[in-house]
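Just below is one structure, and these are the notes that go with it.
The values are calculated or read from the model by the stated rules, or taken from the named source; none is laboratory data. In this text, all values refer to a predicted model and were calculated from it rather than measured experimentally. So basically every Cβ, Gly included, is an ideal-geometry build from the backbone, and we count neighbours across all protein chains shown.
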Amino acid sequence: MNFVLYAIPFFFLLIGLELLLEKWRKTEFYRVNDAINSLSAGVLSQMTGLAKNLLPFTVYIFVYENMALFSWEKSTAFWIFAFLFYDFLYYWKHRMGHEMSLLWAAHVVHHSSEEYNLTTALRQTSGNIVGWIFYVPMALIGVEPYVLISVGSLNLVYQFWVHTRHVPKLGWFEWFFVSPSNHRVHHAQNQIYLDRNYGGVFILWDRLFGTFQEELEEEKPIYGVRKALRSWNPLWANVQVYTQLVKDSVRTKRWSDKFRVWFGRTGWRPEDMERDFPLARVDLARFQKYDVPLTTSSKWYAVLQYGLMTFVGLMLLLNVQMLDIKEQLSLIIFVGFCSYSLGAFLEGKAFAVGLEVIKNVIVLAVCWLVSINMAVMTTLVVLALLSLAVLCLTFLPQRRLAS
C-alpha cells in the first residue's frame, strides 16, 4: 500500500496549521512564491512518477521473482526488519545523492528552497532515475514489492513533519530519530552543516557512520544551496544541474574529466572549466534570498492557479487506471505547462499573463467539449473563471494607466 496518497489531505492540514502558527507567532518562514514553487515541484514529481517508476518496479519484481535468496513469513518482526533495512538503504541513497554529481542533479530540487517549512517537504524531484538501484538488495533478500512500497511510503510520510522551524530540540528523541532540529541542519548551507544528517527516520545511521551534526545555537541555519537556483520555475529546478553537467562534459578537453563530471564528488569541476567558465557561488556573509515582489491580488491568483493545477493532477492520480496512455500523457503535459506558466508569472515575466489567459481558456474549452464528471467540471470552471477575473482586475487597470 502506498500511504503517501492517503496522507496528502493531512499534509495540507498540517501546512494550514503551520500557517496559523506563523501568523500567531509573527514569524516569516513562508513566502507565497517559494511555497507555491515547492508545492508545484511536488505535483510534477507525482505526475512524472507514473512513468519514471515503471522501470524500477519492473527490475525489482524481476529480481524478486528470479533471484531472491530467502522467503519470509509476514510477521510483525519481518515488517519491522523491512522498515529498518529500508531506512538503512535510504541513508546510503541519500548520502550518495549529496556526494555524487549525477545523483545530486536530481536531489538538488529538494534543497533549492531558501525557506524551511512544511511545503519544503513536498518539494520533490522529477528526475530521480537511478536512485532506485539502492533498494535492489531488498529484492535480493526476498522483500516482496508491496512490502517495499509500504515501508518506503511510510518512511516518506514520516519525513514530512521534520521540515519545520517551529519545533525545538526534543531531548532524548534526538538521539535515535530524525527530528526537526537535526533535519534543519541537513537543509542548511553553512559550512559546518554541509553534508550532514542523512537519515530518513533514524538518525542512528549518521551517528554510526560519522555524518551527524547537532544544530548549534550560535550557528543559525542558512537554507538553500551554494549555487542558488534563483528561479520560481519548477521545470528549471529539475534540469538546472543536469544542464551544467552536460555543458562541462562537452566543453572539457580531457576524456577522463568528461566521465568524472558525472560520477565525481558533487561540486567538483575540471580545471579548465573552473578557469574558463567559473560559476557564481553564494556568499553567505552577504546572503540574500531570491525574491520577486508580488501584489496581494497576484498572490491570490497564484494560489488559485496552484489549486487548479493540483486538482488536475489529483484527478489523474485517482483515475489513472481508467485513462488511456494518451489521456495520461496529455494531463501530465498540461500540468507541466501549468507549472512553467505559473513560475513565469511569479517571476514577473512579460509574457506570463498571456500564457495564463491561454491556460485558463484551455481549461474552459476542455470542460465545454469533453464529457467529464459534473463535479470535476464545475470545480475546474469555477477555478478558471475566478482566475481570469483576478487577472482582469489586476492587470487591465495597469494597462489602461500605461496607455
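Some observations on this one:
- When restricted to residues that are buried (at least 19 other Cβ atoms within 10 Å of the Cβ), within 19 Å of Phe212 (Cβ to Cβ) and not small (Gly, Ala, Ser), the range 156-181 contains 4.
- Pick from the range 359-377, criterion in a helix (DSSP H, G or I) and not aliphatic (A, V, I, L, M), ranking: surrounded by the fewest Cβ atoms within 10 Å (Cβ to Cβ): Trp368
- From the list Ala237, Ala228, the lone residue that is small (Gly, Ala, Ser), in a helix (DSSP H, G or I) and closer than 24 Å to Tyr116 by Cβ is Ala237.
- Complete set of residues in the range 152-177 that are part of a helix (DSSP H, G or I) and either under 21 Å from Gly42 (Cβ atoms) or not assigned by TED's automatic domain parsing to the domain that holds Phe29 (or both): Gly152, Ser153, Leu154, Asn155, Leu156, Val157, Tyr158, Gln159, Phe160
- Single condition Ala228 does not satisfy, out of (1) farther than 16 Å from Ala106 by Cα; (2) surrounded by fewer than 21 Cβ atoms within 10 Å (Cβ to Cβ); (3) small (Gly, Ala, Ser); (4) in contact (Cβ under 8 Å) with a residue 24 or more places away in the chain: (1)
- Residue match in the range 51-59 (condition: of a type outside the set (Gly, Ala, Ser), surrounded by 20 or more Cβ atoms within 10 Å (Cβ to Cβ) and within 26 Å of Leu317 (Cβ to Cβ)): no
- Identity of the residue in the range 159-193, of a type in the set (A, V, I, L, M) and in contact with a helix residue (DSSP H, G or I) (Cβ under 8 Å, 6 or more places away or on another chain), that ends up nearest to Lys227 (Cα to Cα): Val185
- Restricting the first member to the range 201-215 and to residues that are outside the structural domain of Arg95 (by TED's automatic domain parsing), and the second to residues that are of a type in the set (S, T, N, Q) and in a helix (DSSP H, G or I), the beta-carbon pairs closer than 6 Å and six or more apart or on different chains are Glu215/Ser181.
- Selection within the range 342-358: residues that are in contact (Cβ under 8 Å) with a residue 24 or more places away in the chain and in a helix (DSSP H, G or I). The member of this set that is surrounded by the most Cβ atoms within 10 Å (Cβ to Cβ) is Leu342.
- Residue satisfying all of: in the range 278-291; surrounded by 12 or more Cβ atoms within 10 Å (Cβ to Cβ) and either more than 16 Å from Tyr223 (Cβ to Cβ) or not hydroxyl-bearing (Ser, Thr, Tyr) (or both); modelled with the lowest pLDDT among these: Val282
- Residue match in the range 286-302 (condition: more than 24 Å from the chain's Cα centre (by Cα) and in contact (Cβ under 8 Å) with a residue 60 or more places away in the chain): yes
- Screening Ser298 on (1) surrounded by 15 or more Cβ atoms within 10 Å (Cβ to Cβ); (2) closer than 18 Å to Glu99 by Cα shows it passes everything except condition (2).
- Met1 passes every criterion in (1) of a type in the set (A, V, I, L, M, F, W, C); (2) modelled with pLDDT of 90 or more; (3) not in a helix (DSSP H, G or I) apart from (2).
- The set of residues in the range 251-285 that are small (Gly, Ala, Ser), in contact (Cβ under 8 Å) with a residue 40 or more places away in the chain and farther than 30 Å from Gly348 by Cβ comprises Gly264, Gly267.
- Hey, Met309 surrounded by 13 or more Cβ atoms within 10 Å (Cβ to Cβ), at pLDDT 90 or above, closer than 27 Å to Gly224 by Cα and in the same structural domain as Val357 (by TED's automatic domain parsing) or not: yes
- Matching residues in the range 367-381 - criterion: being at pLDDT 75 or above and within 29 Å of the chain's Cα centre (by Cα): Thr379, Leu380, Val381
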